[in-house]
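K.L.:
This is the structure I want to talk about, given as C-alpha cells.
The values are calculated or read from the model by the stated rules, or taken from the named source; none is laboratory data. Just so you know, these numbers come straight off a predicted model, no measurement behind them. Please note: Cβ atoms are built from the backbone with ideal geometry, for glycine as well, and neighbour counts cover all protein chains shown. Accessible surface areas use protein heavy atoms only, side chains included; no ligands, DNA or RNA. Shrake-Rupley method; radii C 1.70, N 1.55, O 1.52, S 1.80 Å.
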Amino acid sequence: MTHLSDGLAGDLRAALAGEAASALRYTYFAQTAEIEGHGEIARLFTELADSVVCAAHGHLDVLRDAGDPDGQDGVGDTRLNLASSLVDALHDAGELYPRLTTAAHEEGHADAASWLSTLTALKKRHTGRLKAALDDLTRSPGEQPALVAPHGGADD
C-alpha cells in the first residue's frame, strides 16, 4: 500500500477517534440500559459497540500499513505499540490529568477534581507497567528481566 496523503491520514485519524468515542459511548449506554432493565436495548448497544470497534481496528490497520513510514501514528509492531502507548500515558499522567485536576479545583468542582486525580495516579501506574514491558521486550539476551509489580486488577 502506498503512503497516505496528509489530508487522508488526518481524516482517517479523526474517523478513528470518532469510532473509538462511539464504542465507549455505546458500551456505557449498554451498561445503563442493562441497569435500567432494558436487556434488548443493552444488547443493541453492545452489538453496535462491537461493530464500531471493528471499524476502528480497520482504521488502525490502514494507518499501520499505509500511514507515516516513520511511525508517527504509533501503530506497528509490539515494540512501537508499547513505546507509543508509553508516550501517551506519560503525557496523560504528567500533563493532561494534572492540568484537568487543577482546572476542576479552580472551578470549584471537588468531585471532578478527585476523579481526575485518581486518573492521574492510574496513568502513572500504566506508565510503570508499559515501561517495564518495553524494557523486558528490548532487553538483550542474558540480561535479567525487570521486576514487574503485579497489577492491581481491572482498573490497572
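K.L.:
For residues that are open to solvent by less than 90 Å² (accessible area, probe 1.4 Å) and not in a helix (DSSP H, G or I), scanning just the range 1-58, find the one that is nearest to GLY76 (Cα to Cα).
P.N.:
By that ranking, first place goes to LEU4.
To keep it simple, each residue is scored yes or no on (1) modelled with pLDDT of 95 or more; (2) under 22 Å from GLU19 (Cα atoms).
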site	(1), (2)
PHE45	yes, yes
ALA66	no, yes
PRO69	no, no
GLY74	no, yes
ALA83	no, no
LEU90	yes, no
ARG99	yes, no
ALA103	yes, no
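K.L.:
So, one more: Taking VAL62 as the residue in question, decide whether it is over 16 Å from the mean Cα position of the chain (by Cα) and within 30 Å of SER5 (Cβ to Cβ).
P.N.:
Details: over 16 Å from the mean Cα position of the chain (by Cα): yes; within 30 Å of SER5 (Cβ to Cβ): yes.
Answer is yes for this residue.
K.L.:
When both residues are 6+ apart or on different chains and their Cβ atoms are under 6 Å apart, which pairs have a first residue that lies in the range 1-23 and is within 18 Å of SER51 (Cα to Cα) and modelled with pLDDT of 90 or more, and a second that is assigned to a helix (DSSP H, G or I) and among the β-branched types (Val, Ile, Thr)?
P.N.:
Cβ pairs passing all conditions: GLU19/VAL52; SER22/VAL52; ALA23/VAL52; ALA23/VAL53.
K.L.:
Look at LEU116 and say whether it is farther than 23 Å from ARG13 by Cβ, in contact with a Leu (Cβ under 8 Å, 6 or more places away or on another chain) and at pLDDT 95 or above.
P.N.:
So LEU116 passes the test.
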